[in-house]
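Trainee: Supplied in structure tokens, the structure appears directly below.
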Amino acid sequence: MTLITEVRLRRILDSRGNPTVEADVTTESGGFGRAAAPSGASTGEYEAIELPAEEAIANARELAVPRLEGQVYAGDQRSVDFVLREADGTDDFSEIGANSAVAISMAAAKAAADMLGAPLYQHLGGAFRGDEFPTPLGNVIGGGEHAADATDIQEFLAAPVGAPSVADAVFANAAVHGAARDVLADRGEAAAKGDEGAWAPSIDDAEAFDVMEEAVSRVEEEVGFEIRFGLDVAAAEMFEDGSYVYSDTERSPDEQVEYVADLVDEYDLAYVEDPLDEDDYEGFAALTERVGENCLVCGDDLFVTNVERLETGIEEGAANSILVKPNQIGTLSDAFDAIELARDNGYDAVVSHRSGETEDTTIAHLAVATAAPFIKTGAVGGERTAKLNELIRIEENA
Ligand SMILES: O=C(O)[C@@H](CO)OP(=O)(O)O
Ligand SMILES: [Mg+2]
């Protein structure tokens, strides 16, 4: 093990053109790691706090960096993350910013892997990891907070569950994305792209389901393996005064459960994320009871990668999977704890990007390190393909 000798922080651009935090960690023996924080738009109310990049950097330089340099071993991830929490002193990283914390946490892990001469997934997951790969959930059509004047449902996600390899799955998702463009063009719908590269046409959700079905079945025929699809409803964003407000209608919480359950049945959805508000454990439990056998009901804003919120969910039978976003909680150790708690209780842990991203590929390694069944990291666009292409390389041992 070697000590961290230097932590450097800087502002870089994220994919929305906003400043975000990048960290470089160097160790005594010359190990080097660089990582950057992503940023959400449809953020959960209970997430750790992202500060403006400049403020996060200034505060982390003052409070955290002096406690790390020359004092903590890069390979001792628990200690790195413990020091970040101690330096911050709050429950939600509101002092140094979850953006500074997660960038440093991930950069330290990369420095440790570099020092060991091991790929990051192996440093994080152990010597025997690297032969189980996640199915990528590819964002094909979207709206919500990620695009103006588009669908109410935030994300329509291709799920190539029958793909024989991660590379086949990645190419299948890109093909569905391309096919959706063709189907939209056939219908005379022009479409720009939303924050994550998904098509953001000005159509309603019902039409988006038709387009997805058509695009998926075209590609399924071509590739010869099963492709299902799923949703991130991001329902907290449409929950107002006790009901779910869609462009054309409103639904009560009970009606929302019925509506989503019917969608799962009608379209054989493989995955439904945040189908209900972030405080509605009960509704999540009711839906999971109805459709949880054949569909992952995933809590993103509900759990915010937080073990306490996940514990409540487990007690109530709310959802059967958790979305894991390291920046929602601030450190890799916290993200691992959430994954382990999920797994111990029969919940699947799905690793995820944010709508604002960088070229950082840590989540690809995190998914392989933890043998996650799914990873949600877009379908196209440089900041998305950075992770997808990294999965292809990991699979090839490149
Ligand atoms: O809701 C989500 O799952 C994410 C990523 O797709 O979006 P955001 O980063 O804006 O929270
Ligand atoms: Mg979500």
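Every read-out reported here was derived from the displayed coordinates using simple, explicitly stated rules and does not represent laboratory data. As the structure is a computational prediction, the values presented were derived from the model and not from experiment. Cβ atoms come from the backbone with ideal geometry, glycine included; neighbour counts cover every protein chain shown.
Trainee: Using a Gaussian network model of the chain with C-alpha springs under 10 Å, which one of A163, A208, A192 is most mobile by mean-square fluctuation?
Mentor: For the chain, modelled as a Gaussian network with Cα springs under 10 Å, the answer is A192.
Trainee: Still on this structure, I have one more. For the range 135-395, what's the relative contact order in percent, using C-alpha pairs closer than 8 Å and at least 6 residues apart?
Mentor: It comes to 19 percent, rounded to a whole number.
Trainee: Let me ask something additional. Please give the length that would be gained between N389 and Y259 if that part of the chain were fully extended, namely 0.36 nm times their separation in residues minus their C-alpha to C-alpha distance (nm, one decimal).
Mentor: That works out to 43.2 nm of additional length.
Trainee: Also, I was wondering about something else. Quote the charge dipole size of the range 72-178 about the Cα centre in Debye, to the nearest 20; the model charges only the Cβ of Lys and Arg (+1) and of Asp and Glu (-1).
Mentor: The dipole of the range 72-178 has a size of about 440 debye.
Trainee: I need the fraction of alpha carbon pairs in the range 135-395 separated by more than 29 Å, rounded to a whole percent.
Mentor: 24 percent
Trainee: Rounded to the nearest 500, what is the 222 nm mean residue ellipticity of the chain from helices alone, with -39500 (n - 2.57) per DSSP H run of 4+ residues and division by all residues?
Mentor: After summing the helix terms and dividing by residue count, I get -13000 deg cm²/dmol.
Trainee: Hey, rough spin-label estimate for A192 and E396, points 7 angstrom out along Cα→Cβ, what's it come to in nanometres?
Mentor: The answer from the label model is 3.6 nm.
Trainee: If you don't mind, there's one more thing I want to ask. Across every pair of different alpha-carbon atoms, what Kirkwood hydrodynamic radius in Å does the range 4-117 reach?
Mentor: Hydrodynamic radius (Kirkwood, Cα pairs) of the range 4-117 is 13.8 Å.
Trainee: Take A118 and E221, extend 7 Å from each Cα along the Cα→Cβ direction, and tell me the distance between the two endpoints in nm.
Mentor: Computed distance between label sites A118 and E221 equals 4.8 nm.
Trainee: Run through the DSSP bridge list for the chain and note the antiparallel percent, rounded to the nearest 5.
Mentor: In the chain, DSSP labels about 60 percent of beta bridges as antiparallel.
Trainee: So, one more: Round to the nearest 0.05 the FRET efficiency obtained for N18 and D92 when R0 = 30 Å and r is the Cβ-Cβ distance.
Mentor: Efficiency, from the Cβ-Cβ distance: 0.90.
Trainee: Which residue fluctuates most in the GNM of the chain (Cα springs below 10 Å): S321, S29, S15?
Mentor: Fluctuation is largest for S29.
Trainee: Under the definition of Cα pairs under 8 Å and six or more residues apart, what whole-number percent is the relative contact order of the range 26-180?
Mentor: Taking the mean separation of contacting Cα pairs over the length of the range 26-180, I get 23 percent.
Trainee: In degrees from 0 to 90, rounded to the nearest 10, what is the angle of the helix 253-267 Cα long axis to the longest principal axis of the chain?
Mentor: Helix 253-267 and the main axis of the chain meet at about 80 degrees.
Trainee: Using only Cα atoms, locate the centre of the range 244-313 and the centre of the range 1-44, then give the distance between them in Å, rounded to an integer.
Mentor: Spelled out, the Cα-based centre of one part sits 34 Å from the other.
Trainee: As I understand it, the value is the acute angle between the Cα axis of helix 166-186 and the longest principal axis of the Cα atoms of the chain; what does it come to in degrees, rounded to 10?
Mentor: Once rounded, one gets 40 degrees.
Trainee: If you don't mind, another one. For the range 43-120, which GluC sites (Glu not before Pro) are in a loop by DSSP, counting at most 12 other Cβ atoms within 10 Å?
Mentor: Hits after loop and neighbour filter: E45.
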